[in-house]
Amino acid sequence: MSEKIKAAHTEREACVYIRQSSMSQVRNHMEGQRLQYDLRERAEALGFQRVTVIDEDLGRSGTGSVERPGFGRLLTAVCSGTVGAVLALEASRLARNNRDWHHLIDLCAMAGTLVIDHDGIYDPSMLNDRLLLGLKGTMSEFEISLLRQRAMEAFKQKIRRGLVLTQVPIGYVRTEDSGIEKTPDRQIQEAIAGIFSKFRELGSVRQVLLWYHDEQIPIPSYSREPGKRKIVWSRPLYARIFSILKNPTYAGAFVWGRKHTRTSIVDGRARKTAGHNRPQEQWEITIPDHHEGYITWDEFMRSQEQIRANAGWNARMVAPQGAARSGPALLAGLLRCGRCGRCLQVAYSMSKRFGPLPRYWCNGDRNQQMIGRCVTFSGTRVDQYVAVEVLEALRPLGIQAALDALEQSHNQADEKRRALELALQKARYEAERFERQYNATEPENRLVAAELEKRWNNSLTHVAEMQRRLEDAKNAAPPVTPEQREHLLALGDDLERLWDSPQAPVTLKKRILRTVLQEIVVDTMDDPPSVHLKLHWVGGSHTGLTVSKNKTGYHNHVNSEEVTELIRELALVCEDGAIVSILNRLGYRTGNGNTWTEKRVQHVRHTKGFPVCPPPEQRLWVSMQQAADALKVSSMVVRRLIAEKVLPAKQIVKFAPWMIERPHLQLPSVRKAIRIVHSGRRVSRITSNHGQEALFV
C-alpha cells in the first residue's frame, strides 16, 4: 500500500468514475468498460471498505460541451468530505478540458481527497503531485484537440478532391472510388427531372406540391429505417420538394460547407447547434461540373432567385416579383414605390357588382415616422392599361405562343403518362418477383407460402391500379383535332379575346406578365390626378405609362348628388338618427347599395363638411310638437292650421319634420285661431255630444 494512503482516507468511501465519450464506444468498446469497472477491485485492494461506482456519464463527451450528471455527483461528494479517493482509468476519463479538471483537483486538495489512476496515486495537496496532475489535464485536453485537428484536416483534404464521404441524395449512387453518378433506375431519374421541370413551369414550390397531389404522382425518398436505407415511393411533402430544389448536387456541382455550427454559452457551458445555413458566397468548397446533373448550374441559380423572391414582400426588396398568387390583382408583386423603393402591397374591397376590387398602396416609413402613405391608388384601371401594353408588345409573338402552348400541353400529358408507365413497369416487376418466390417455395411450408401469396396478391392489385390510372391519363388527354388546332391559332392571332376569356386563369395571366416584366416603378400626381408607371422589361428596355386617376372621393361607388344634397338640408333640421330613418323610408341607398346607418351619415357629413344639427334651444325654428306645446294646443290643431295655411311652415321632403319659424307663432291670424280653439267654439259638436250623453244618463 502507498504511504500516501492513510487511515483518514480509507475510513471514507472511494468513488470510481467511469465514462466513455460516445454511445458507439459504449456498445462496441466493451474491454474499456471492463477495465474501468475493475477499478472497484483495485480500490478494495488498497484498503477502502466502501466503494461507489459512478457511471451515469457513459456515452457523454468530456470536452465540456454537454452536461455530465455523473461528474456533478462526483464534485458534490468530494465537497461533502465523505470521499477519500477518486479512481479513474486515466486522466482523460475525468475530463477533457482544463476547467473541469482543475476544478476537481482544487476541490480534492481542499477536502484531502486522493486521485488514483493506472499510473499511480496522487495527493493534490502536495506540490509535486499537483504539478503532475496539472500536466496530465493539459496533455489530455491537448490530445483530444490534436486528434480532432488531424481528423478534420484529413477529412477536408478528401473533400477538396471532391470525394463523397456522406450519403448522396436521392437520384444518385456512390461509386467504388467514392465518386457520385446518376442512379441506373430510370423511374427515379424521371421523377427527379420531373420536379425541376414542373418548378420551371409553375415557378412555386407550393404549386409543384399541389400539382403532384392533384395528379396523385408519388416521388422517391429514403426510408427512415435504421441500417440500410431503401427507396420508398410516397406522396411528396413540401419539405421534400424544397430540399430537392435547394440541393446544388442536382446541378452537377460538389458543394461542402453549406451549413455551419454555432457555439453559444449557456449556463457557463459551450452549447453547439448545427444546421445553420450559410449564404452561397460563404460556402467553403464548390466544385462545378463535378458529375452529371439533372439541371445546369445557371438554371439552379435562377431557381434559387425565384425561391427567394417567393418568400414574401419583406424578402423582395431587391427582386420584387415573387410567386403569382390567386388574387385578381394582376400587378401584385410587380409594383415598386417610386418614392421609397418598397414593394407595394395590395388589399381588396368587395363589390356586389364587380366582386373583389384591388387597391395598391405603400406604407413607406409610416410605422417608424408616423407619416402618411407614399402612394395609394385603385388597381382595376392600372391593371387594364398595363395588360393592354403587354399584349401590344406580345402581338407579333401571338401565333408562336399558341404553338408553344400546344406543344406544352402535349409535353405535360406525355410527362404524366411516362411517369405512370415507369411505375407500371416497376409494379409488374415486383409482381413477377413475388410470383417467382411463391413458385420456389415448398407447398408444405404453408407459413412462408401464405405470406408470399399475400404479397403476390397485393402486387397484382397494385398493377391493376397502375393500369387503370394509365388508361385514365390517356383518355384525359386526347389528341388535338385539326379544328381545335385552327381555333387555338385563331386565338393566338387575337390575344385580347384570349386574355379576356373567362377560362383564362388569373395565375396564368400573372405568369405572362412576370415573363416579360421585371418590375414597375409607380408614383402618383395630384394635379392632374394620375398614376405614372415606368415599365422595366426583362430585355432591359424601359417604357413610361400614365393612367388617369379619379379625384379623392369620386369613384364608382360614390353617393349620388341628390342624396348628398338631401343629407345637407336634413342636417340643418334633424339629428343623424332621424336622417337615417327618413332616407331608408324614402328608399335611398348608399353608393355600394347598402341601407343607411348613423355611421354612414356621419361619414358623409364629415367628408362634405356639413355641420351637425344645432340643439333645440339654439334653432331658429320649432317642430310641430314644439309649436303645439308653445301654443298649448294639440299637434292636430297645429297640423290643421298648417293645412289651412294659417300657420306658415315648410317640409324639406316627405317624412321630414315640419319647420316653423318662431316669430310666425305670434302672427295675428295664428293668435286669433288659437283663441277660438281655447274658447271652445270650434268643438261645439263635441259639447253637444256630451249634452246628449248627459240627457241619456
At q = 0.07, 0.08, 0.11 Å⁻¹, the log10 of I(q)/I(0) for the chain from a Debye sum over equal Cα scatterers comes to -0.85, -0.94, -1.21
Sorted by chain and number, the residues with a modelled amide H under 5 Å from that of LEU114, at a separation of 5 or more or across chains, are ALA85, VAL86
Quick note, region 47-191: a/c under 1.5 would make it rounded; otherwise a/b > b/c is prolate and the rest oblate (a ≥ b ≥ c, C-alpha gyration tensor); here it is prolate
The helix 684-696 Cα axis meets the longest alpha-carbon principal axis of the chain at an angle in degrees, between 0 and 90 and rounded to 10, of 90 degrees
Scanning the chain, every Cys lacking a C-beta partner under 4.7 angstrom -> CYS15, CYS79, CYS108, CYS340, CYS343, CYS574, CYS613
Applying the gyration tensor rule to the Cα atoms of region 19-106 (axes a ≥ b ≥ c; rounded if a/c under 1.5, else prolate if a/b exceeds b/c, else oblate), the class is oblate
Cβ density ranking, 10 Å radius, fewest first, applied to ARG336, ARG42 yields ARG42, ARG336
Region 149-278: relative contact order from alpha carbon pairs under 8 Å, six or more residues apart, as a whole percent, is 14 percent
Non-local residues with an amide H under 5 Å from the amide H of GLY379, with H modelled 1.01 Å from N and Pro and chain starts lacking one, are ARG359, TYR360
Per DSSP, the loop-located GluC sites (Glu not before Pro) within region 96-199 having at most 13 other beta carbons within 10 Å are GLU176
Candidate cut points under trypsin sites (Lys or Arg not before Pro) in region 611-646, DSSP loop plus at most 12 other Cβ atoms within 10 Å of their own Cβ, are LYS632, LYS645
Given pairs LYS136/LYS259; LYS454/LYS474; LYS426/LYS474; LYS416/LYS454; LYS198/LYS474; LYS230/LYS272 and cut-off 26 Å on Cα-Cα distance, the over-length ones are LYS136/LYS259; LYS454/LYS474; LYS416/LYS454; LYS230/LYS272
Length-normalised contact order of the chain, Cα under 8 Å, at least 6 apart, in percent, tallies to 6 percent
Exposure-ranked with fewest Cβ neighbours within 10 Å first, ILE582, ILE244, ILE285, ILE159 stand as ILE285, ILE159, ILE582, ILE244
Once GLN282 and SER326 are pulled to full extension, the length gained, defined as 0.36 nm per residue separation minus their Cα-Cα distance, is 12.2 nm
Taking a crude spin-label model, label points 7 Å out from Cα along the C-beta direction, the VAL26 to VAL558 distance in nm is 7.9 nm
Footprinting proxy, ASP57, ASP177: sorted fewest to most Cβ within 10 Å, the residues are ASP177, ASP57
Rounded to the nearest 10, the angle in degrees between the Cα long axis of helix 297-309 and the longest principal axis of the Cα atoms of the chain comes to 50 degrees
Under the helix-only model (-39500 (n - 2.57) for each DSSP H run of 4 or more, divided by the residues of the chain), the mean residue ellipticity at 222 nm, to 500 deg cm²/dmol, is -15000 deg cm²/dmol
In degrees, nearest 10, the alpha-carbon axis of helix 576-586 is tilted away from the dominant principal axis of the alpha carbons of the chain by 70 degrees
A correct Stokes-Einstein calculation for region 561-602, using the alpha-carbon Kirkwood radius, 4 °C and 1.567 mPa s, returns a whole-number D in µm² s⁻¹ of 128 µm²/s
Rounded to the nearest 5, the percent of antiparallel DSSP beta bridges in region 7-156 equals 15 percent
Karplus-derived 3J(HN,Hα) from phi for region 10-21 (6.51 cos²θ - 1.76 cosθ + 1.60, θ = phi - 60°), whole Hz, x at Gly and Pro, runs 6, 5, 8, 8, 10, 10, 9, 9, 10, 8, 10, 6
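None of the figures in this text is laboratory data; all of them are computed from the coordinates on show. These numbers were taken from a predicted model, which means no experiment stands behind them. We place every Cβ from the backbone using ideal geometry, glycine too, and count neighbours over all the protein chains shown.
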